[in-house]
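The values are calculated or read from the model by the stated rules, or taken from the named source; none is laboratory data. Quick caveat, the model's predicted, so the values are computed rather than measured. When we count neighbours, we look across all protein chains shown, and the Cβ atoms used for this are built from the backbone with ideal geometry, even at glycine.
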Amino acid sequence: MRRRLGLIGATLVIATLLVSGCALPQRTPSDGQAEMSIWRGRLAIRIESDATTKPQAFSAGFELTGNPQTGTLTLFTPLGSTAAALLWSPQTAQMRTHGEMHDFDSLDALIKQAVGTDIPVAALFAWLAGDNRLAAGWRADLSQHAQGRITAQRTHPTPFAELRLILEK
């Protein structure tokens, strides 16, 4: 009996270490970094077709933490499981999907792979904060920001793309 309890205890310790090894470290802003923020809700992206692409649509639940320099974006399936976790800092841009980690050369390349199109990340954080910052080729509609709704459209370069966000209150 004593041996069995020891084996169970050892198994619990190993399982705890393995699970904690998968946890993401808490990121805290260092001097000179913008304050970290968190947003949750649903996003939808629609990309129209052009001569080289076919129409695409993507939607997911999301949790966005951080700022344009350092952050995480977790995308959720309709059933609530994690579809992808994106992590970035000045040194890294990574995406974890299905237990595999993929590295990217830049945050822009990471975002394009994850959602299918370029999104102006610095402007996105500004839009979430209620600041209608300009972004080349994009036009944001913050008229329903107080109700937790943001729409942004890319008119150039083609193809046309639309981003819609519904934030949890």
Need pairs with beta-carbon distance below 7 Å; first residue surrounded by 12 or more Cβ atoms within 10 Å (Cβ to Cβ) and within the range 122-150, second among the β-branched types (Val, Ile, Thr) and in a loop (DSSP other than H, G, I, E, B); sequence gap 6+ or separate chains.
Gly137/Thr155; Arg139/Thr155
If you check Ile45, Ile14, which single one turns out to be hydrophobic (A, V, I, L, M, F, W, C) and modelled with pLDDT under 95?
Ile14
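Tell me which residues, restricted to the range 86-129, are assigned to a strand (DSSP E or B) and of a type in the set (Lys, Arg). So that I can check it myself, show each step before the final result.
First, the residues of the range 86-129 that are assigned to a strand (DSSP E or B): 86-88, 93-97, 100-103.
Arg96 - this is the single residue of the range 86-129 that is assigned to a strand (DSSP E or B) and of a type in the set (Lys, Arg).
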Could you check Ala114 against (1) at pLDDT 95 or above; (2) under 18 Å from Ser59 (Cα atoms); (3) crowded, with 18+ Cβ neighbours inside 10 Å and say which number it fails?
(1)
How about the range 54-81: which of its residues are farther than 25 Å from Pro159 by Cβ, surrounded by 15 or more Cβ atoms within 10 Å (Cβ to Cβ) and not small (Gly, Ala, Ser)?
Glu63, Thr65, Asn67, Gln69, Thr70, Thr72, Thr74, Phe76
Give just the number: which of (1) touching a residue at least 24 places away in the same chain (Cβ under 8 Å); (2) surrounded by fewer than 13 Cβ atoms within 10 Å (Cβ to Cβ); (3) not charged (D, E, K, R) does Trp39 not satisfy?
(2)
